[in-house]
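A short worksheet on the structure shown next.
The values are calculated or read from the model by the stated rules, or taken from the named source; none is laboratory data. Because the structure is a prediction, the values reported are computed rather than measured. Note that each Cβ is placed from the backbone with ideal geometry, even for glycine, and that neighbours are counted across all protein chains shown. Surface areas here come from the heavy atoms of the whole protein model, side chains and all, with no ligands, DNA or RNA. Shrake-Rupley method; radii C 1.70, N 1.55, O 1.52, S 1.80 Å.
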Amino acid sequence: MLVLGIESSCDETGVALYCGERGLVAQALDSQIEIHRRFGGVVPELASRNHIIHLVPLVEDVLAQAQVDKHALDAIAYTAGPGLVGALLVGASFAKSMAFALNIKAIAVHHLEAHLLAAQLENQTLKFPFTALLVSGGHTQFIAARALGDYLLLGETLDDAVGEAFDKTAKLMGLAYPGGPLLAALADAFVHEPGISPAVAPFPRPMLDRPGLDLSFSGLKTHALTTWNKSDKQEGARSAIARAFQDAVVETLAVKCQRALDVTGDGRLVVAGGVGANRALRKALSRVMDERGGVAYFPSPAFCTDNGAMVAYAGYLHLLQGEYDPTSAIHVKARWPMLDVYSPRQMT
Ligand code: KG4
Ligand code: ZN
């Protein structure tokens with residue numbers, strides 16, 4: 001079975017081809033980071049326009065790489081939400097039209113579910129049930145994944161998503177958009193001289209004193225701003241703040257992850273979404289799982305951030321269960337809770 005996957009929920013156009021027998025056969029991506037950088041964030045209108053420009057050439061590229069004729073496709077999976085409505089509509093309109101023209105199935109994929117399944121795409125030993133930490137630019141959630149399409153939200157951020165907090169903290173210290181990876185690189189490179197008290201005091205660990213699995217990151221960003229404004233605003237202060245910020249985020253997530261695993265009783269932790277590429281987070285969560293005698297699964301960094309492969313794979317799995325979008329209408333959902341992952345798939 002051959003499924004073409006199309007991702008266009010934000011500022012990456014991703015296309016990939018997943019084959020039931022051979023796995024991932026081809027993929028291509030266009031990132032719009034350079035386009036949005038001068039505006040300091042994603043401009044939705046520009047995102048939609050660039051998806052329009054790049055989508056068809058990327059599809060042609062993927063089919064050519066795989067040496068597959070479009071008539072050999074069994075289905076086209078596309079991200080139907082959540083995301084920027086205009087950006088989603090580009091992918092959805094294209095996918096549904098192409099599926100209609102080829103008389104094949106179209107599958108509406110939930111973007112966050114696709115992120116959760118990205119680890120399994122690379123490592124088929126990963127089975128349900130598992131506990132997931134989803135950390136992206138728009139979402140930060142703990143999810144109990146019981147089976148395909150059966151997800152329970154255990155807790156989430158009450159304000160900024162982790163990626164958003166990384167990006168905003170980076171921006172307030174003058175780093176270019178998206179500053180998350182740059183801030184992480186500064187934090188990783190920061191060397192604390194032994195015996196000398198740090199130039200920046202440790203940041204608070206938000207919400208750890210409260211029960212439950214909700215999170216909050218906007219206070220850390222404000223704390224970073226106050227600390228930055230009091231500093232000499234030189235490279236040393238930037239690195240020390242980056243490190244203090246990252247340490248606080250990583251420790252908070254590690255403690256809350258343990259609580260989430262205590263609740264679910266799972267021995268498997270899946271880390272998904274763009275911030276899943278963060279090295280300090282990966283190290284801390286691997287240690288947590290080692291100590292618990294469980295296993296942490298991380299997609300490789302290219303599959304942590306938005307891509308077409310995870311959409312093709314999620315679509316393939318749902319198609320195996322006989323789930324697809326039977327209507328000819330083009331629907332997207334800018335907001336789409338994971339709990340409803342079944343009903344809107346039918347998009348009626
Ligand atoms: O999942 P993703 O590609 O897009 C969304 O669906 O949001 O996540 C992008 C986010 C951005 O906020 C980016 O700064 C952050 O992930 N990010 C990182 C790292 N790599 C990407 N944050 C911290 N450390 C990283 N290494
Ligand atoms: Zn994403």
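Of all residues in segment 278-292 being out of contact with any Gly (no Cβ under 9 Å at 6 or more places or on another chain) and open to solvent by 10 Å² or more (accessible area, probe 1.4 Å), which is nearest to Asp11 (Cα to Cα)?
The qualifying residue nearest to Asp11 (Cα to Cα) is Arg279.
With respect to Gly315, is the statement that it is buried (at least 23 other Cβ atoms within 10 Å of the Cβ) and away from ligand 1 (no atom under 16 Å from the Cβ) true?
Answer is yes for this residue.
For segment 8-20, how many residues are open to solvent by 20 Å² or more (accessible area, probe 1.4 Å) and within 19 Å of Gly274 (Cβ to Cβ)?
So the answer is 2.
Return the residue satisfying two criteria in turn: it lies in segment 157-179 and is open to solvent by 40 Å² or more (accessible area, probe 1.4 Å) and assigned to a helix (DSSP H, G or I), and of such residues it is farthest from ligand 2 (Cβ to nearest atom).
Leu172
Inside segment 21-118, counting only strands (runs of 3 or more DSSP E) that do not spill past its ends, which hold 2 or more residues that are open to solvent by less than 40 Å² (accessible area, probe 1.4 Å) and over 17 Å from Leu2 (Cα atoms)?
Numbers: elements: 23-31, 75-81, 105-110.
Ranges flagged: 75-81.
For Leu126, only one of the following conditions fails: (1) in contact with a Phe, Trp or Tyr (Cβ under 6 Å, 6 or more places away or on another chain); (2) open to solvent by 10 Å² or more (accessible area, probe 1.4 Å). What is its number?
Looking at each condition in turn, Leu126 falls short on (2).
Could you check how many residues of segment 129-156 are open to solvent by 10 Å² or more (accessible area, probe 1.4 Å), out of contact with any Cys (no Cβ under 9 Å at 6 or more places or on another chain) and within 16 Å of ligand 1 (Cβ to nearest atom)?
3
Looking only at segment 263-277, count how many residues are away from ligand 1 (no atom under 16 Å from the Cβ), surrounded by fewer than 24 Cβ atoms within 10 Å (Cβ to Cβ) and in contact (Cβ under 8 Å) with a residue 60 or more places away in the chain. Please lay out each step first, then the result.
Keep residues of segment 263-277 that are away from ligand 1 (no atom under 16 Å from the Cβ), which gives 263-269.
This time we only want the ones that are surrounded by fewer than 24 Cβ atoms within 10 Å (Cβ to Cβ), so: 263-268.
Cutting the leftovers down to in contact (Cβ under 8 Å) with a residue 60 or more places away in the chain gives us 263-264, 266, 268.
Within segment 263-277, residues that are away from ligand 1 (no atom under 16 Å from the Cβ), surrounded by fewer than 24 Cβ atoms within 10 Å (Cβ to Cβ) and in contact (Cβ under 8 Å) with a residue 60 or more places away in the chain number 4.
Would you please name the residue that is nearest to Asp262 (Cα to Cα), looking only at residues in segment 117-139 that are of a type in the set (Ser, Thr, Tyr) and away from ligand 2 (no atom under 16 Å from the Cβ)?
Taking the candidates together, the pick is Thr131.
Go through segment 180-215 residue by residue and tally those that are open to solvent by 40 Å² or more (accessible area, probe 1.4 Å) and within 30 Å of Ile35 (Cβ to Cβ).
Looking only at that region, the number is 5.
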